[in-house]
């Protein structure tokens, strides 16, 4: 029964996206925590004549490691029916990720500097806040799958009346 349930839920694009995004999320959050507490121990660093907070440096590295894991899993487990070449998917995925990075950075800074939220906890909230938008943006833009393609993909397995 558990095997049948697992098969049924993993047929869903949303569930598979949740699993791939979840894996990227775990890599991102774990890396952020490790960098923030173990590597970037000073509050600020000078980088190219700019002063950058340790949370910003930690986010910069952790976010993109999570994106690589997320892209790889999303490409092969979620939107594997996409006809776009892999390099185009990757460029689109990274483009969305860059926009997402700056959205995360703004929210993260606000939560840390203005609301005094503990940085690793603030990172979790910022990552979760963009999940739903991310699914639709990647589905329709990064992997160019229309709603019509998705419905056609589901119909052959659908058995009405059973």
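Taken together, the values in this text are just the output of simple stated rules run on the coordinates, not laboratory data. Just so we're clear, the structure is a prediction, and the values are computed from it rather than from any experiment.
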message: Debye calculation, C-alpha points only, no solvent: report log10 I(q)/I(0) for region 24-63 at q = 0.14, 0.15, 0.27 Å⁻¹, in the same order as the q values.
response: -0.28, -0.32, -0.82
- prompt: With a ≥ b ≥ c the root eigenvalues of the C-alpha gyration tensor of region 1-89, is it rounded (a/c under 1.5), prolate (a/b larger than b/c) or oblate?
  reply: oblate
- request: Starting from the alpha-carbon convex hull of region 17-156, give the projected area averaged over all orientations, in nm².
  value: 9.1
task: Per DSSP H run of at least 4 residues, take -39500 (n - 2.57); add these up for the chain, divide by its residues and hand me the 222 nm value, nearest 500 deg cm²/dmol.
output: -20000 deg cm²/dmol
